[in-house]
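Beneath this line is the structure, given in structure tokens, with notes to follow.
No lab work stands behind these numbers, since they all come straight from the coordinates. From a predicted model like this one, the values you see are computed outputs, not experimental measurements. Here the Cβ is made from the backbone with ideal geometry for all residues, glycine too, and neighbour counts use every protein chain on show.
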Amino acid sequence: MTQPRSPTNEQHAVARLEKKFEQLGRPAQFIVLVAGVFFFFGIHNLLQETMMSIEGFHFGIMLGYMEVLGVAVCSYLERTYYAKETGRVAPMSAYPLLTFCLMSSSSLSNLALNFINFPTKVVFRSCKLIPTMLVASIIHRKVFSSKEYSCALAICAGLVMFAAADWKLSPTFHPVGLTLVSLSVCADAILPNAQENLFRMGSSRLEVTFFTNIFTLMVMTVTTLASGDLIGLLQFARTSHTLRVYMLIYTFIAYIAISVHMTIVKRFGGVAAVLVATVRKAMTLVLSFVIFPKEFSWFYVLGAALVLGGLTVSSLSKMEERKASDRVKNSKESGTDLEDASGEETEKMLEHTESTQTEVSSSNSSWSK
């Protein structure tokens, strides 16, 4: 009979950290997590723009490759040694669509940095709401509320303003960059829906994260070898020790940032996570202009305000609708008063539909980047 393995020193250390964190009050926990989100996503975005600003660095697509590599390795380690998960629930046939969407989302958004500046990429990557509404309207004949249409209109206006400012002021601007980042947003809009099908089959978040990223890593390795980008980056990195350090940190920090963000979703709910994500994106835009000076236009400010404001109002509105729907459903099933019905299902839906790639992939995911 096989004896269970005793916990390792690393597991004991993690358990001690978790115990100390649990001993903090909820306000202190929230402050620590928000600081973690700002710090790790900030470092991720800073490194991304720093590497793209290095003379001779034209490997935007490899930023996506590094993110996928980091998520694949970290999710494997967490799944194997922390969650103790083995095997696979979802069939192999479920992963080609996820692989294509993740590869398109990650590769195209980072490739776009060769043609547009970083703030424009951040703003456009935030706008998954637009293709989602278009798909629902065309395919499912869904009619949205006036508030949702107003938010979509505000976001579109903000995107136009941001693109117009970039077109006028950025010397590296090219319309193909907007095309690439827009296609990446469309792929990113499909990804959570495809993931949700796997969650319904009983797959865990770690299972979906690991297999999606490991298959994407395999495909991207082949394509970047064929294009010469992988070999080109390795040869270029040999010329700079600093760049190698940047690449190493960048590869793994996205997973840490996404994990901290998901902890906020689990512990404090979707509303808090949406507000934190909005402030973080605003901070990213401000730091980008401060640390990497660019030509400035008030169109950037107004465009960012319209986009981030529209996204925040839309996200909060959707969560209120889901909570109201859950209350009615729970009331009918249990016969309890509407005010006592639980909203836990909302947070579960948020957790399940969270994109595995960040922001970063952010991020960074609608939350991540």
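Overview of results
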item	result
FRET E, pair Glu22, Ala83, Förster distance 25 Å, beta-carbon r, rounded to 0.05	0.85
Protection proxy ranking, peptides 254-265, 196-207, average beta carbon neighbours within 10 Å, highest first	254-265, 196-207
Pairwise FRET efficiency - Arg244 versus Ser317, Cβ, R0 = 41 Å, nearest 0.05	0.35
At R0 = 25 Å, FRET efficiency that the Cβ-Cβ distance of Thr179 and Phe289 yields, to 0.05	0.55
Integer Hz, Karplus 6.51/-1.76/1.60 couplings in order for segment 33-45, x for Gly and Pro	5, 5, 4, x, 4, 5, 5, 5, 5, x, 4, 4, 5
Distance in nm between pseudo-label sites at Ala13 and His58 (7 Å out along the Cβ direction from Cα)	4.3 nm
Cα→Cβ-extended label distance, 7 Å offset, between Val222 and Val301, nm	5.1 nm
Cα convex hull of segment 56-116, projected area averaged across orientations, nm²	5.3 nm²
Exceeding the 30 Å Cα-Cα cut-off - candidates Lys121/Lys323; Lys128/Lys329; Lys168/Lys318; Lys20/Lys323; Lys84/Lys121; Lys84/Lys329	Lys121/Lys323; Lys168/Lys318; Lys20/Lys323; Lys84/Lys121; Lys84/Lys329
Global form of segment 148-279, assessed from the alpha-carbon gyration tensor, a/c cut-off 1.5	oblate
Average projected area [Cα convex hull, segment 205-295], square nanometres	8.7 nm²
